[in-house]
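Please read the structure below before turning to the comments.
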Amino acid sequence: MAKKVAVLAVNPVNGYGLFQYLEAFFENGISFATFAVAETTQIKTNSGVSLQTDDVVANLKGSEAAYDALVFACGDAIPKFAENAGKPEYQDMLAVIKTFGGGGKLIAGHCAGALMFDIAGIAAGKRVALHPFIKNALQGATGTDEKSVVDNNFYTAQTENTLATLMPQLIEALK
C-alpha cells in the first residue's frame, strides 16, 4: 500500500520543483496533501502563479501521525526563513519537520530542504544534497556535491533541476 505524503510548500514556492513531486505522486497513485507554510492556503510560485494548497502547516502540527512521509518543496526558503523565522508558521514548519524526523519517517526535499532539516535538528550525521551555495551553512549534516543523495530515510536533491535524479528512488520508497 502506498504511503501518504504531507507536502510542505513555502510561500513563494518553486513551482517546477513542487509540480515534479505532485505529478509523480499523482501518476503513481501516492496519496498526498499540500500544506502552505503561510497563514492561509493561498500561496504563489516564484514566478507569481497563484496556488491553493489543501491546508496550512499549523493544521499539520499535531496530525503528523496521519502521514508516512514529509516532502519539503523549496522556493525562496532561505531569504523567507531569514525574514520570517520568528513567525508562527515558520516555527510550526520546524516543529513538523522535527516530529517527522524524530519518528524516523521518510523525509525528502531539494534545494534548501536539507538545510531546513539541519536547522530543525534532524539531519545530524546524514549525507545530503542541497543547493551548492548553501552547503557551508550546514551544522550537523554533511553536504555533498552529488545531484541527489539517499541516506536511509533522507532523500535530497541539489535543486529542482536535479530532482529528476532522485524521483525514481523516492517513488519506489513511497509505493
On a C-alpha basis, how far is the centre of the range 51-67 from the centre of the range 133-159 in Å? Whole number, if you could?
25
For the chain, with a Gaussian network of springs between Cα atoms less than 10 Å apart, report the residue from Lys61, Lys126, Lys87 with the top mean-square fluctuation.
Lys87
Would you kindly state how much longer the chain becomes between Val49 and Met1 on full extension, computed as 0.36 nm times their sequence separation minus their alpha carbon distance, in nm to one decimal?
13.9 nm
Please list, by residue number, everything in the range 134-158 whose backbone N is under 19 Å from a paramagnetic label point 7 Å out along Cα→Cβ of Glu23.
157-158
For Arg127, which sequence-distant residues (separation of 5 or more, or a different chain) have an amide H within less than 5 Å of its own amide H, given hydrogens modelled in the peptide plane?
Thr142
Expected unfolding gain across Ala137-Ala124 under the 0.36 nm per residue rule, minus the alpha-carbon gap, is 3.4 nm
Per the rule of 0.36 nm per residue minus the C-alpha distance, extending Gln91 to Glu146 adds in nm 16.8 nm
Here, Ser31 and Lys175, labelled 7 Å along Cα→Cβ, have an inter-label distance in nm of 1.9
Once the Cβ-Cβ distance between Thr165 and Glu39 is put in as r, and R0 is 25 Å, what FRET efficiency do you end up with, to the nearest 0.05?
0.15
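Here, each number is a calculation from the coordinates, and none is a lab measurement. This is a predicted model, so every value here is computed, not measured. Note that each Cβ is placed from the backbone with ideal geometry, even for glycine, and that neighbours are counted across all protein chains shown.
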